[in-house]
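*Asks:* Here you go, one structure.
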Amino acid sequence: PYTTLFRSPNTPTYTEAADTVPVAGSVTGSLLEEDDEALAGVETLTININNNRAAKYQVGNRFASHVEEGDIDVELVMSIYFVSSVLQQKYIEGTRTSLALTTADQQDGHKFRFTFPNVVFTTGDKGLSGQTVTSNMTAYAEEDPTTNSKMIIDMIPASFSAIT
């Protein structure tokens, strides 16, 4: 019932990019947004994706009879320097929002954008990172009724410079 969208410009084959520098969040063009606004002060971000695919066995058989397709679950865990209480308030009120991560290739300028159009924060406790107060947030992606998906992945080639 749920769909994960992957958009890519007509490139059906993968070409290994030898001798390139991996992507990093500090590269110009990388961005984390909450509800279309840049999210400042993010110390860490971990995205856990579980497609819940499972092998189904029958009594007396050594091998699975089929693989059951599951519903994708996406969990985002982040630690954010506590500079405002906006996300904390969304956690307390159970307000749905969107998160988008754009990451850029340091060498070639290609970008990948991971969009989670409908997320809810399931935890929002405060902690310390050195002498700084942090908000430790966990968000769960729910199905978005408009896109009928929990996650959208866009590949943005460097030649599409108008897209940021």
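*Asks:* Going from most exposed to least, what order do S135, S65 have by accessible area with a 1.4 Å probe? Don't skip to the end; give the middle numbers.
*Replies:* Numbers: S135 10, S65 60 Å².
Final ranking, largest accessible area leading: S65, S135.
*Asks:* Just order 75-86, 110-121 by mean Cβ neighbour count inside 10 Å, highest at the front, would you? Before the final figure, lay out each step's value.
*Replies:* Values: 75-86: 16.2, 110-121: 19.7.
Per-residue Cβ counts within 10 Å, averaged per peptide and sorted highest first, yield 110-121, 75-86.
*Asks:* Further question: If amide hydrogens are placed 1.01 Å from N in the peptide plane, which non-local residues have theirs closer than 5 Å to the one on H110?
*Replies:* D105, A158
*Asks:* What percent does the relative contact order of the range 40-136 come to when contacts are Cα pairs within less than 8 Å and at least six residues apart?
*Replies:* Rounded, it is 25 percent for the range 40-136.
*Asks:* Using 0.36 nm times the number of residues separating E93 and K126, minus their current alpha carbon distance, what extension gain do you get? Display every interim value, and only then the final one.
*Replies:* On the way: separation 33, 0.36 × 33 = 11.88 nm, distance 1.65 nm.
Taking 0.36 nm per residue and subtracting the Cα distance, the gain is 10.2 nm.
*Asks:* List the residues of the range 80-104 whose backbone N lies under 14 Å from a point placed 7 Å from the Cα of E142 along the Cα-to-Cβ direction.
*Replies:* Backbone N within reach: 90-99.
*Asks:* Right, something else. By the gyration tensor of its Cα atoms, with a ≥ b ≥ c the square roots of the eigenvalues, what is the shape of the range 107-164: rounded for a/c under 1.5, prolate for a/b over b/c, or oblate? Don't jump to the answer; show the numbers that get you there.
*Replies:* Working: a/c = 4.35, a/b = 1.41, b/c = 3.08.
Oblate, since a/c reaches 1.5 and b/c is not below a/b.
The values are calculated or read from the model by the stated rules, or taken from the named source; none is laboratory data. Please read all numbers here as calculations on a predicted model, not as lab measurements. Note that we place each Cβ from the backbone using ideal geometry, even for glycine, and neighbour counts take in every protein chain shown. Only protein heavy atoms, including side chains, enter the accessible area calculation; ligands, DNA and RNA are left aside. Shrake-Rupley method; radii C 1.70, N 1.55, O 1.52, S 1.80 Å.
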